[in-house]
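Single-structure report; data block below.
Throughout, read-outs are computed from the coordinates displayed, never taken from laboratory work. Note that this is a predicted model, so its numbers are computed, not measured. With ideal geometry, Cβ positions are generated from the backbone for all residues, glycine too; neighbour counts draw on all protein chains shown.
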Amino acid sequence: MSSQAESALSLVQGREDSQAKANSITPPPEPLDIRVPDASLIIRSSDLVDFRVHKSVLAMVSPVFGDLLSLPQPSDSEIVDGLPMVQLSEDAELLNTLVSMLYPIRRVMPESYDKVLYSLAACQKYDMVQVQSYIRAEVDRGSFPGPVGTEVFRTYAIACGKGLIPEMEKAAHLTLDHPMTFETLGELLRFFDGSALRDLARFRMRCRDNLVTCLSTAIPTTGTSSIRYCHNCGDTSPWDPLQQLFSRNDDSKKQGFTNPVTPSQIHGEYSKVLQSPDTCNYCKRTRRGTKGPGSTLSAELESKLAQILDKVHIFL
Amino acid sequence: MLTSDQPLENILFEYHGADLILRSHDSHHFRVPRSYITNSSPALDELIQKALDPPNDACGDASLPVVQLPESGAILHSLLTFVFPVTPIVPPTTEKAMELLSVARKYQMVAVMVRIRDRIAQQNPPSTRLDPALHMYSLAQKYGFRQEALQAAQAILKHPVSIADLEEKLDMMPGTALHEFWKYYVEVRAILASDLEQFMTPASDISSALGSLRCSASGSSQIPRWFCNYITSIGNAPHLFNLVEFNMALARHMRDEGNNYGCACVSISSQIIVNIWESLASVVHGSLKKVSVIEV
């Protein structure tokens, strides 16, 4: 490696011992082709790859590093190529992404949303607010990968573990598009820690209840205590179709987990309950169902229900 | 046997002939005869030999050699009650009891482990209630105790298992333990379903258990349809294997067949019910025995 290359800001192959090689599943990231002749610090990844950076830049984006670097260095601190070295717990791939965001150079995009989350967690740890905001903006713009499919359950679990509240909220809402059962979670269960799964289950039930409540007010002809007429005996008695949809009802609760919790799903269940026959309280004969609100959900109501969902949060 | 600046409560014995001091991480001293310890634990024997060779400078009261151990005084005290001929003391909580067991395993105290397990079983018989079972399963997974994990898993099987059913208890088990339990549950269901299908064939014991019972709603196998449905439901949800659910299934059938005086199930004898239940129980227990391996 030439001396010019050695002074480049980027990956400089560090001391890769045999253990690190054995543990490495993916090859080290490609070096960034940027020359920085006056690097003042080396940060070393957990897999022993060295990154040359400027102390001043690092201190500017990260108050944590700012404080760390302002402290007097111990006399036995390691020096590499004449530069002080700081050992970090993040791997080279992650540091490659973060370092690429410190300078006006080509950004190294995380390969997956999981890696986006780990990058965001590192930003959180080092208090790199601007970099974290930039990554979030890139995800929102679609430039960086976002969560897809049932992967959102894993995303939620990882975000919980890392304390990434916005990502946790976002992932929790995305899980509503999928059933949430042990069968569907399967291997993903391993990613959940502590109360994360219980909180997600509670969130799901709150979303379901809020959708049901909203439906009751949005469809005025079928309020929460409507009357059902029996064509056999003429009895009229109060009938509350919504009660069958609230999570206090065991069947409804089960449906909340085996089905998605979306406006169209809840609207469909509501229509079905309205139209289904039941038993007359007086003559005990089968009473025919009520005309429902229709099988299609209007765009206006769907939008209203979606707004209701947006207001439900993981943490009360 | 126990000395320290702040003695533990409930010191139950003082052993004579001590030639060694075991010191806990919280500085409690246990004055014990070395031979008892080394006979009970090859691991402690090795540890003591290493600690005393060369003779250590750390001497406690009466100039006895001291061996430092990383466990707390409370756990060591409890452990030693299983080594010496005194009344054994199991810690009051399940967490601490599992910790005691794990310390006994760490020191390769095989006979002591047996005694601890016996004592735990005497003092706290395995609960079939869901909360203690989930708690025990989680602890057994944490410490890697297969026997306790299996026992707890079988207790959990007596309850409905779905996210909707467990919602408020989902935080009692970490995701890894929940995943391991789910794998066990899936395997149990598969084996149960297969064994119960076999059970419903005419060649199985069920035919003799049913005797001359002729149900008006029998399937092609001459086994009452309500019973077939009930058995099939156990394969999907093992918690339905209990006498209450069985009687409810029979009651539902009798209600549906209320006007059909030709159905023998309406006057089914208690002996036939006992026969059916014992045959079914034999199959279910046999199936559960097949799924004895839980990854811990």
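Some points to look at:
- Charge sum, other residues only, whose C-beta stays under 15 Å from residue B:134's C-beta, Lys/Arg counted +1 and Asp/Glu -1: -3
- Cα gyration tensor of chain B - equivalent ellipsoid semi-axes, whole Å, descending: 56, 17, 16
- Taking B:137, A:134, A:270 and counting other C-beta atoms within 10 Å, the order from fewest to most: A:134, A:270, B:137
- Other residues lying with their Cβ under 14 Å from the Cβ of residue A:212 contribute a combined charge of +3, Lys and Arg counting +1, Asp and Glu -1.
- Note, ³J(HN,Hα) from phi for region A:49-63, Karplus 6.51, -1.76, 1.60, rounded to Hz, x at Gly and Pro: 10, 9, 10, 8, 9, 9, 4, 4, 5, 4, 5, 5, 8, 9, x
- Residue exposure proxy: A:246, A:144, ordered by other Cβ atoms within 10 angstrom of their Cβ from fewest to most, comes out as A:246, A:144.
- Projected label distance in nm at residue A:218 and residue A:231, using a 7 Å step from Cα toward the beta-carbon: 3.0
- Once backbone amide H atoms are built at 1.01 Å from N, residue A:107 has no partners under 5 Å, excluding neighbours fewer than 5 places away on the same chain.
- Among the listed pairs B:96/B:142; A:115/B:142; A:253/B:289, those with a Cα-Cα distance over 24 Å are A:115/B:142; A:253/B:289.
- Assigned charges on the beta-carbon of Lys, Arg, Asp, Glu; chain B dipole about Cα centre (debye): 820
- Normalised per residue, the volume of the convex hull around the Cα set of region B:52-191 (Å³): 150
- Between residue B:121 and residue A:124, the C-beta separation translates, for a Förster distance of 60 Å, into a calculated FRET efficiency of about 0.80.
- Electrostatic bookkeeping for residue B:99 treats Lys and Arg as +1 and Asp and Glu as -1; over the other residues with beta carbon under 15 Å from its beta carbon, the sum is +2.
- Remark on residue A:259: its backbone amide H falls under 5 Å from those of A:180, a criterion applied only to residues 5 or more positions apart or on other chains, H modelled at 1.01 Å from N.
- Across region B:86-91, computed HN-Hα scalar couplings (Karplus, 6.51 cos²θ - 1.76 cosθ + 1.60, θ = phi - 60°) run 9, 5, x, 10, 8, x Hz from first to last residue, x flagging Gly and Pro.
- Beyond 19 Å in Cα-Cα separation lie the following of the pairs B:158/B:183; B:183/B:290; A:125/A:311; A:254/B:169: A:125/A:311.
- If you take the alpha carbon atoms of region A:203-310 and fit the smallest convex hull around them, that volume is 93 Å³ per residue.
- Among A:195, A:70, a tally of other beta-carbon atoms within 10 Å of each Cβ gives an order, fewest to most, of A:70, A:195.
- Percent of alpha-carbon pairs separated by more than 21 Å within region B:196-290: 25
- Proximal aspartates and glutamates relative to residue B:106, as straight alpha-carbon distance under 13 Å, when same-chain residues fewer than 8 apart are discounted: B:45, B:46, B:71
- For region A:66-73, the Karplus equation 6.51 cos²θ - 1.76 cosθ + 1.60, evaluated at θ = phi - 60°, returns couplings of x, 5, 4, 6, 7, 6, x, 7 Hz by residue, with Gly and Pro reported as x.
- Interchain or long-range residues, amide H under 5 Å from residue A:239's placed H: A:226, A:227, A:228
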